[in-house]
Amino acid sequence: MKWICKFFGRFLLLVISLGFIGAVAGIILFAAVIYKYGQSLPDYTQLKDYSPPVVTRVHAGDGRFLAEFAEEKRIFVPNNEIPDMVKQAFISAEDQDFYKHNGVDPKAVLRAVITNFKNHGSGRRPEGASTITQQVAKNFLLTNELSYARKIKEAILSYKIEHSLSKERILELYLNQIYLGARSYGVAAAALHYFNKPLNELNLAEAAYLAALPKAPNNYNPVTKHDAALARRNWVIDRMAIEGYVTAEAAEAAKQIPLAVAPTREDDVVNAPYFAEEVRRELSARYGQQALYGGGLSVRTSLDPRLQKIAEKSLRDGLMEYDRRHGWRGPVATGGTITQWQENLKNTEAPVGMLAQWQLAVVLDTSGGHVEFGLKNGTKARLSDEDLKWVKSKPLKVGDVIMVERTATDEPDEKDGDKSANESKNAADKTAAKVAAKNDYALRQIPLIQGAIVALDPNTGRILAIQGGWKFDGSEFNRATQAMRQPGSAFKPFIYLAALDKGYTPSTIILDAPIVFTDTAGNVWRPENYSGEFYGPTPLRVGVEKSRNLMTIRLAQQIGIDSVVEYAKRFGINDNMKPYLSGALGADETTLMKLTTAYGMIVNGGKKISPSFIDRVQDRLGKTIERTDARPCHACGPLMKWESQTTPDVPDIREAIADPRTTYQMVSILEGVVQRGTAMKLKSLDRPLAGKTGTTNDSYDAWFIGFTPDLVVGVFTGFDQPKTLGKKETGASVALPVFKEFMEVALKDEPPTPFRVPPGVRMVQVNAKSGARTFAGDADAIWEPFLAGTEPETLPPVESGYKSYDNSDSQHEAQFEVIDEPLPPAEMLEPRTESSPSPNGSTLQGTGGLY
């Protein structure tokens with residue numbers, strides 16, 4: 001027995017020795033591994049001050065969402081603002097012992113080892129045992145590489161992170177960094193994307209769904225992988241009940257809630273892509289790309305959503321009206337068959353520029369003088385008589401694909417699309433005939449003409465609405481801010497304003513007679529009025545109202561072309577205008593934005609304004625870093641308490657660039673354009689309005705800029721590759737209808753407001769045609785504003801240097817004033833020769849304003 005005891009004693013000693021040696025070896029090996037992989041670890045201390053890239057969000061003037069800019073769509077939420085329910089859902093799904101372990105969970109590791117051993121050779125992806133801390137280490141400091149080396153580094157970093165950061169800070173980093181699908185990073189962005197809710201409004205089922213996503217967001221898509229997503233969500237809810245975060249009853253109730261993505265409420269979002277792109281450009285220029293796409297800026301803009309919607313519709317209606325006048329160009333596609341026409345329609349791609357409210361349709365029957373078409377849903381209808389007349393030049397054929405828009409206000413009858421193939425032919429024919437008898441649809445085609453509209457506040461320069469083209473998706477080029485085009489006669493008011501500032505009055509007589517410029521080389525420039533006629537001695541006012549070219553040229557010559565150039569620069573229209581008389585007719589290019597802003601400085605009394613899209617910018621912490629309104633106000637601010645005190649006086653810091661008295665005279669003259677001149681179509685609106693048409697040589701460009709006392713609206717229309725708009729197409733026929741529709745809707749519920757008369761102006765009754773003082777009974781009497789002391793005598797003054805002209809002289813068309821002086825360069829005289837780049841690489845050409 002002794003030897004047996006001795007043997008076992010020695011064996012036990014050997015085992016203990018070997019165990020000790022093994023333990024020491026294990027410790028040495030462990031230390032070696034830690035040493036080896038711990039040498040090249042990234043600096044985990046940076047997590048203490050880590051500030052993740054956050055989405056920049058842009059809002060309209062009423063606070064509604066407009067746009068967001070981000071490489072990673074993330075909204076950072078501090079830990080103390082993340083609801084406990086959301087935290088508990090993620091802990092239950094990802095790391096049940098989060099508050100117990102030191103970075104690595106031994107139980108989870110053992111469980112993963114056993115599971116992976118069982119699944120060896122099955123082709124299944126190895127199960128992980130990563131804690132939330134390990135995921136933070138991987139997501140912030142390491143890569144997604146599948147290797148033991150990465151897992152060892154992850155474990156080491158997790159241990160160090162646990163001893164450097166609090167559990168709450170680790171959880172904050174995790175919940176703001178993790179990718180949850182659909183370009184959404186962090187729980188706040190995901191909550192908005194999937195449920196259109198902030199975190200504090202999520203219910204248990206919604207929080208559980210978010211916690212179901214970290215493993216594989218694409219595998220749990222609520223739409224394309226609904227069943228898998230629902231099962232995973234319910235599993236998370238069960239885990240929360242097991243962990244004691246919710247009761248069994250609450251868990252069961254949550255599992256009964258359907259899983260559905262909440263669409264963004266239309267009322268919460270403003271669609272203004274041209275405006276949003278201008279904001280993006282400005283932010284990028286001021287703060288840089290990094291701040292724009294990751295700085296978490298909060299931007300409040302000047303956009304008025306109601307006016308924006310009106311602007312978009314008004315421009316599109318105007319472009320369609322012009323396009324319709326110039327003929328039907330044909331269907332979207334031809335040569336199709338009506339066999340399985342519904343299926344064919346579903347597979348037909350919509351053309352670029354087609355509006356969302358339009359539908360594709362296929363022509364089914366053209367017999368009996370009617371055109372019947374069908375929609376994707378099976379609805380059938382007929383073209384109206386008006387549309388039949390429109391397509392008469394290019395008749396439609398069976399199988400043609402066209403675009404239509406529903407014009408009826410009630411819901412379309414879709415019974416045809418729901419009928420089964422087994423229904424009797426008679427019943428189907430009767431229903432089809434009933435539906436086809438309706439003319440609830442209008443035929444559409446995408447206009448070739450382009451245009452832009454901008455609306456701004458003349459007192460501040462705030463841009464209230466902008467539409468830079470037919471449709472942003474088809475062309476992102478903004479014709480309001482980027483297109484350099486000739487303003488034509490829309491530039492004329494600034495020449496006349498310069499004259500008023502030099503002592504002219506609205507009643508000063510300017511000769512409207514032929515004039516020829518020639519030089520020693522024999523080159524000749526003979527400007528003409530749009531009508532081709534001459535009208536003799538005419539009051540200055542009428543030169544603007546009737547858009548007289550010859551009067552404008554003479555006036556520019558009298559005051560000096562340098563004065564014209566200086567006013568173009570002073571009002572921000574063109575900083576590099578050439579000193580040639582042809583420039584007085586709007587030959588030098590500008591943008592719609594610049595010209596509209598310049599008109600704003602006329603109506604506001606000559607105060608300098610700059611167009612602005614942004615009202616305020618705040619950083620990610622809510623600190624205001626930019627405010628467009630720079631007026632000082634010491635008695636203003638969010639901390640001020642209302643105690644019935646008087647309203648604080650806010651100083652006007654705008655630079656005065658013109659005399660408010662003469663700018664009012666120009667406002668009055670531009671009112672005359674509406675009352676008696678080229679914009680008389682606006683009289684039907686029956687409210688104080690002023691403005692000016694503009695048309696360039698050969699009708700390449702058509703403009704209208706108009707205003708009320710507190711709103712300026714500019715409209716430009718023309719082709720991107722310049723060509724004539726057509727015979728007799730002018731600013732009055734193409735651009736003005738857009739302005740009219742906009743103002744009619746925008747001011748529908750607004751009381752008429754008269755233009756403000758500044759001190760130092762005397763109102764005197766004069767004859768509108770002669771400029772002479774008159775009496776109240778005169779049918780042509782108007783109230784004319786004069787600077788005190790400049791009121792006319794019985795007969796108006798004739799500007800020196802020009803003889804009185806008999807308007808009734810039938811021979812006056814043959815009389816010319818010949819001026820022998822150097823001509824402008826030939827490119828400023830010959831039509832359409834000065835070029836500048838267009839958005840698509842073509843040239844935008846033109847030299848003269850006409851009308």
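General observations
- Model label zone, S684; criterion: amide N under 20 Å from point 7 Å along Cα-to-beta-carbon; scope the stretch 749-774: 749-750, 752
- Think of a 1.4 Å ball rolled over the protein heavy atoms: the stretch 363-408 then has 46 Å² of accessible area per residue.
- Computed accessible area, S164, all protein chains, 1.4 angstrom probe, square angstrom: 40
- Across the stretch 291-384, the relative contact order, built from alpha-carbon pairs under 8 Å that are at least six residues apart, equals 16 percent.
- Under a 5 Å amide H cut-off, with hydrogens placed 1.01 Å from N, L464 pairs with A455, L456, D457 among residues at least 5 apart or on other chains.
- Spin-label pair D385-D227: with each label point 7 Å from Cα along the Cα-Cβ axis, the two points sit 5.7 nm from one another.
- Solvent-accessible heavy-atom area per residue, rounded to whole Å², over the stretch 554-611 at 1.4 Å: 29
- Loop-located GluC sites (Glu not before Pro) across the stretch 638-735 with a Cβ neighbour count of 11 or fewer within 10 Å are E643, E655, with loop assigned by DSSP.
- E784 long-range amide H proximity, modeled H, under 5 Å: V764, Q765, V766
- Among 616-627, 322-333, the order from most to least packed when residues are scored by Cβ within 10 Å on average: 322-333, 616-627
- Share of carbon and sulfur in the accessible area of the stretch 197-257 stands at 51%, probe radius 1.4 Å.
- Cleavage-rule hits, trypsin sites (Lys or Arg not before Pro), the stretch 212-311, DSSP coil, Cβ neighbours within 10 Å at most 12: K215, R265
- Taking 0.36 nm per residue of separation and subtracting the current Cα-Cα distance, fully stretching the chain between Q256 and N219 would add 11.2 nm.
- J(HN,Hα) series, the stretch 169-180, from Karplus relation 6.51 cos²θ - 1.76 cosθ + 1.60, nearest Hz, glycine and proline x: 5, 4, 5, 4, 4, 5, 6, 9, 9, 5, 8, 10
- Three-way shape call for the stretch 503-593 based on the alpha-carbon gyration tensor, with the a/c threshold at 1.5: oblate
- Those GluC sites (Glu not before Pro) in the stretch 484-560 that DSSP places in a loop and that have at most 13 other beta carbons within 10 Å: E533
- Heavy-atom accessible area per residue - the stretch 462-539, 1.4 Å, Å²: 29
The values are calculated or read from the model by the stated rules, or taken from the named source; none is laboratory data. The structure displayed is predicted, hence computed values, not measured ones. All Cβ positions, glycine included, derive from the backbone under ideal geometry; neighbour counts span all protein chains shown. The area values use the complete protein model at the heavy-atom level, side chains included, leaving out ligands, DNA and RNA. Shrake-Rupley method; radii C 1.70, N 1.55, O 1.52, S 1.80 Å.
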